[in-house]
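See below for the structure under consideration.
The values are calculated or read from the model by the stated rules, or taken from the named source; none is laboratory data. Just so it is clear, the model here is predicted, and its values are computed rather than measured. Please note: Cβ atoms are built from the backbone with ideal geometry, for glycine as well, and neighbour counts cover all protein chains shown.
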Amino acid sequence: MSTSGRPPDSAIDPPAVKAFPSIAGYRPLSAKTGAWPQDSEVTVRVPADRTIGTDALCAGALASRLSYTVLIHGRDAGIRSSCAVWNKGSFPMAIRLHKIPAGKNARITIRWSISGPTGNRPVR
């Protein structure tokens with residue numbers, strides 16, 4: 001950030017996000033990395049007939065202002081959450097569980113949004 005408190009003239013690349021840790025009872029089906037606002041959503045396919053969890057870790061000066069919405073087959077799943085920021089200490093687990101019914105693989109979309117102005121500060 002500039003000493004004047006103004007946003008930088010060009011985008012500042014946010015730091016890499018820490019890898020999700022191994023947590024008893026959970027294993028990643030998919031993990032995606034991008035930078036907001038270029039990558040404002042991600043879609044993954046998951047097998048049917050299981051319970052899955054979604055969580056998001058973010059990094060960068062504005063990471064705590066980023067939130068996400070979960071869609072299943074393009075429909076709002078009623079899940080909105082803040083992006084977790086993990087700089088140190090124990091993992092800030094906030095996994096949200098979703099039941100995927102039998103018969104059809106699911107298309108899960110996570111869509112990010114941010115509150116307030118961003119001033120050339122992407123979020124990873």
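Starting from residues that are of a type outside the set (A, V, I, L, M) and outside any loop (DSSP other than H, G, I, E, B), keep the ones in the stretch 81-96 and report whichever is nearest to VAL17 (Cα to Cα). It comes out as SER82. Restricted to the stretch 38-91, and to residues there that are under 13 Å from ILE114 (Cα atoms) and among the hydroxyl-bearing types (Ser, Thr, Tyr), the residue that is surrounded by the most Cβ atoms within 10 Å (Cβ to Cβ) is TYR68. None of GLY53, GLY34, GLY60, GLY78 is touching a residue at least 12 places away in the same chain (Cβ under 8 Å) and part of a strand (DSSP E or B) except GLY53.
Looking across the stretch 21-37 at every residue that is hydrophobic (A, V, I, L, M, F, W, C) and within 20 Å of GLY89 (Cβ to Cβ), the one that is surrounded by the fewest Cβ atoms within 10 Å (Cβ to Cβ) is identified as ALA24.
Residues being modelled with pLDDT under 75, surrounded by 13 or more Cβ atoms within 10 Å (Cβ to Cβ) and part of a loop (DSSP other than H, G, I, E, B) are entirely absent from the stretch 97-117.
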